[in-house]
Every structure is written in C-alpha cells, then in structure tokens.
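First comes the structure, then the notes that go with it.
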Amino acid sequence: MARIAIVTGGTRGIGEAISLALKDRGHTVVANYAGNDEKAKAFTEKTGIAAYKWDVGDHEATLAGVAKVAEEVGPVDIVVNNAGITRDGVLHKMSFEDWNDVMRINLGGCFNMAKATFPGMRERKWGRIVNIGSVNGQAGQYGQVNYAAAKSGIHGFTKALAQEGAKYGVTVNAIAPGYIDTDMVAAVPAPVLEKIVAKIPVGRLGHAYEIARGVAFLCSENGEFVTGSTLSINGGQHMY
Ligand code: CAA
C-alpha cells in the first residue's frame, strides 16, 4: 500500500538513497533538508521527489515543517530520521557548541520528528519510524563523544518509543550503519579511514543503497512484527 513518507536529510548521502528506495516501492516521499538549497533543487529535478527545508534540531521549525507537509501532501505514515552531522574531535579539544549541535540535531531531531508525527500515526493505527543510528553509537569511536552519545541515545529512544507504539500498529526500529561511502565518511582523514577499513571483515566501505534496502524492509507492511530492533549493516565491523 502506498504511504506518505518523510526522510530527514533526504536529499544527500544515505538519505538520498532512502528517499529513492521508498519511492521505488510506490510511496509518496518528501525529502527534508536543512542547508544545501542547490543540492536539494538538483535532487528534486532528478528524482521528482519534493524537498522541504527545515532544521530538525529546531523544535518549532519541525512542527511547522511537518504541518506544512501534512497540508500539502497528506498525513505522514513513515518517518526516517536520517539527518545527522559530525563535529569530530577529542574531548579535551571539543567545544560545548560541537557537543550541543550534534545532540540537538542527531538525537533532538528524532524527538522533534516523533512529536510531530507519532500522535497521528497512533490515531490512524499505522506507522513506521526508522531511526538511523551508527556502529559508532554501539561501539564508541575515538574523537566522537558527541556523535557516539547521540547515536547511542537514538538506540535507547527507539526501544522506548517502540513500546509506546506497539499496540497502535506503529513500529519503531533503528538501523546502525557502518562506514558508508558518503561525504561524511570522506571527511575522515585518509590515514585514519584506511585503518578503519582494514578492520571491516567485508573489506570495503558500504554503499548508501545497502542501508536503504534495510530501511525499505522495516517500513514495509511485512515489517509489522519487527519493532524495537536495531539492524546492523556494517560489513561485519561490529557484531552486537
Ligand atoms: N585509538 C587510539 N588512539 C587514536 C585513535 C584511535 N582510534 N585515533 C587517533 N589516535 C591517536 C593518534 O595516534 C594520536 O596519538 P599521538 O598524539 O600519540 O600520535 C592522537 O590520537 C591524535 O590523533 P590525531 O592526530 O588524528 O588528532 P587530531 O586531533 O588531529 O584528530 C580526530 C582527532 C578528529 C578524532 C581524528 O583522528 C579523526 O577524525 N578520527 C576519525 C573519527 C571517525 O571515525 N569519525 C567517523 C566519521 S563518519 C561517521 O561518523 C559515520 C558513521 O556513523 C560511521
């Protein structure tokens, strides 16, 4: 059945692949983005998927953005909380701002999007929420106390909200991607990245579409008995 889906950070990287995968499965997709207008315009021209701009780390802006989508497209059945940033640095060099931005956007974004959409899903007795966590939220990562804490928080958030959604037909799951060949990973210094890839049993970075396939399954009708779970897609880097 065709549903209405919002993918946050849905015009680039893993988010772009998720938007496309959900569209391929017949859903009406809205891709949210926060900053890069040029990329969003090109994405819409290429894919026909509408892009809506707001910062998911801003509570009021998220409520207003989702209300606009509901008015112009329809009530939202599927949310993929994919938007995320890195502000890597060892703790003794990390500013409060770098801590706070990552918590506000990566973890706060999940709360804000759920506040805007979960009540409607609950009322309509059907919903899918997929939160994009990270291998680094499961295992930790040198230089990422902010990111690892936020992503780990996403895994806890997922399990708690899954319990609240279960009797209303709303499933809430997480995917924990490993290192995927996106701009975010390309920003890791090459010698550091080489060492990380050397520890991935499959021997390579993942591709964005490999994450998107997992998301598409969790969002499908067939996923109805899967809730509160975390699907690791990481080439065997961390077995959790
Ligand atoms: N374990 C132990 N020590 C480490 C280490 C590690 N993993 N990585 C670096 N170090 C050590 C270095 O050997 C070095 O030690 P010495 O001073 O004794 O030589 C020291 O830490 C400083 O290292 P750097 O020169 O790299 O320090 P820096 O301050 O310039 O940079 C950093 C630190 C920003 C954390 C940098 O190492 C870095 O970018 N690391 C990659 C972090 C990472 O993996 N981010 C993932 C981004 S992608 C993502 O997050 C997507 C996802 O979900 C997977």
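The values are calculated or read from the model by the stated rules, or taken from the named source; none is laboratory data. What you see is a predicted model, and the numbers here were worked out from it, not measured in a lab. Here the Cβ is made from the backbone with ideal geometry for all residues, glycine too, and neighbour counts use every protein chain on show. We work out accessible area using only protein heavy atoms, side chains counted, and drop any ligands, DNA or RNA first. Shrake-Rupley method; radii C 1.70, N 1.55, O 1.52, S 1.80 Å.
Report whether or not V102 is more than 23 Å from M184 (Cα to Cα), crowded, with 18+ Cβ neighbours inside 10 Å and in contact (Cβ under 8 Å) with a residue 12 or more places away in the chain. Step through it out loud before you land on a result.
Details: more than 23 Å from M184 (Cα to Cα): no; crowded, with 18+ Cβ neighbours inside 10 Å: yes; in contact (Cβ under 8 Å) with a residue 12 or more places away in the chain: yes.
It is false that V102 is more than 23 Å from M184 (Cα to Cα), crowded, with 18+ Cβ neighbours inside 10 Å and in contact (Cβ under 8 Å) with a residue 12 or more places away in the chain.
Looking at (1) within 11 Å of the ligand (Cβ to nearest atom); (2) in a loop (DSSP other than H, G, I, E, B); (3) exposed (fewer than 15 other Cβ atoms within 10 Å of the Cβ), find the lone condition where H238 falls short.
(3) is the only condition that H238 fails.
Please enumerate the residues belonging to segment 170-203 that are of a type in the set (G, A, S) and in contact with a Gly (Cβ under 7 Å, 6 or more places away or on another chain). Break it down stepwise before answering.
First, pick out the residues of segment 170-203 that are of a type in the set (G, A, S): 174, 176, 178, 186-187, 190, 198, 203.
Hits for segment 170-203 are A174, A176, G178.
Check segment 54-67 and report whether any residue there is of a type in the set (A, V, I, L, M) and within 22 Å of L218 (Cβ to Cβ).
As a first pass, look at segment 54-67 and keep what is of a type in the set (A, V, I, L, M): 56, 61, 63-64, 66-67.
Narrowing further to those that are within 22 Å of L218 (Cβ to Cβ): 56, 66.
Looking for residues that are of a type in the set (A, V, I, L, M) and within 22 Å of L218 (Cβ to Cβ), one finds at least one in segment 54-67, hence yes.
Please indicate, with yes or no, whether at least one residue in segment 148-160 is more than 16 Å from the ligand (Cβ to nearest atom) and open to solvent by less than 20 Å² (accessible area, probe 1.4 Å).
No - not one qualifying residue is present in segment 148-160.
Looking at segment 75-95, which of the residues that are of a type in the set (A, V, I, L, M, F, W, C) and touching a helix residue (DSSP H, G or I) at 6+ places or on another chain (Cβ under 7 Å) is surrounded by the most Cβ atoms within 10 Å (Cβ to Cβ)?
Start the filter on segment 75-95 by keeping residues that are of a type in the set (A, V, I, L, M, F, W, C), which leaves 76, 78-80, 83, 85, 90-91, 94.
Next, only the ones that are touching a helix residue (DSSP H, G or I) at 6+ places or on another chain (Cβ under 7 Å) stay: 76, 78-80, 83, 85, 91, 94.
Numbers: V76: 23, I78: 24, V79: 27, V80: 32, A83: 23, I85: 19, L91: 10, M94: 17.
That would be V80.
Considering segment 45-74 alone, what residues qualify as being exposed (fewer than 14 other Cβ atoms within 10 Å of the Cβ) and not hydrophobic (A, V, I, L, M, F, W, C)?
Residues of segment 45-74 that are exposed (fewer than 14 other Cβ atoms within 10 Å of the Cβ), as a first pass: 45-46, 48, 60, 64, 67-68, 71-72, 74.
Scanning segment 45-74 gives E45, K46, G48, E60, K68, E71, E72, G74.
Checking the condition surrounded by 19 or more Cβ atoms within 10 Å (Cβ to Cβ), at pLDDT 95 or above, under 16 Å from T86 (Cβ atoms) and within 12 Å of the ligand (Cβ to nearest atom), which residue from G140, G178 passes?
Details: G140 fails: surrounded by 19 or more Cβ atoms within 10 Å (Cβ to Cβ).
Testing whether each residue is surrounded by 19 or more Cβ atoms within 10 Å (Cβ to Cβ), at pLDDT 95 or above, under 16 Å from T86 (Cβ atoms) and within 12 Å of the ligand (Cβ to nearest atom) leaves just G178.
So which helices (runs of 4 or more DSSP H) stay within segment 137-225 end to end and still have 1 or more residues that are touching a strand residue (DSSP E or B) at 6+ places or on another chain (Cβ under 7 Å) and of a type in the set (G, A, S)? Talk me through it step by step, then tell me what you get.
Values: elements: 145-165, 183-186, 190-198, 208-219.
Because the criterion is at least 1 residues that are touching a strand residue (DSSP E or B) at 6+ places or on another chain (Cβ under 7 Å) and of a type in the set (G, A, S), the helices (runs of 4 or more DSSP H) in segment 137-225 that meet it are 145-165, 208-219.
Does E210 satisfy the condition of being more than 10 Å from the ligand (Cβ to nearest atom), open to solvent by 70 Å² or more (accessible area, probe 1.4 Å) and either more than 14 Å from the chain's Cα centre (by Cα) or over 18 Å from T171 (Cβ atoms) (or both)?
Working: more than 10 Å from the ligand (Cβ to nearest atom): yes; open to solvent by 70 Å² or more (accessible area, probe 1.4 Å): no; either more than 14 Å from the chain's Cα centre (by Cα) or over 18 Å from T171 (Cβ atoms) (or both): yes.
Spelling it out, it is not the case that E210 is more than 10 Å from the ligand (Cβ to nearest atom), open to solvent by 70 Å² or more (accessible area, probe 1.4 Å) and either more than 14 Å from the chain's Cα centre (by Cα) or over 18 Å from T171 (Cβ atoms) (or both).
Any idea which of (1) within 13 Å of the ligand (Cβ to nearest atom); (2) out of contact with any Pro (no Cβ under 9 Å at 6 or more places or on another chain); (3) open to solvent by 20 Å² or more (accessible area, probe 1.4 Å) is the one V202 doesn't satisfy?
Among (1) within 13 Å of the ligand (Cβ to nearest atom); (2) out of contact with any Pro (no Cβ under 9 Å at 6 or more places or on another chain); (3) open to solvent by 20 Å² or more (accessible area, probe 1.4 Å), V202 violates only (1).
Which residue pairs have Cβ atoms closer than 6 Å, lie 6 or more positions apart in sequence or on different chains, and pair a first residue in segment 43-67 that is touching a residue at least 40 places away in the same chain (Cβ under 8 Å) with a second residue that is open to solvent by 60 Å² or more (accessible area, probe 1.4 Å)?
D55/A34; G57/R104
Select from segment 12-25 the residues that are within 12 Å of the chain's Cα centre (by Cα) and open to solvent by less than 10 Å² (accessible area, probe 1.4 Å) and list them in ascending order. Don't jump to the end; show me each part of the working.
Of the residues in segment 12-25, the ones within 12 Å of the chain's Cα centre (by Cα) are 12-19.
Selection gives G15, I18, S19.
Please work out which residue is farthest from the ligand (Cβ to nearest atom), limiting yourself to segment 32-88 and to residues that are within 14 Å of E16 (Cα to Cα) and small (G, A, S).
Top of the filtered list is G48.
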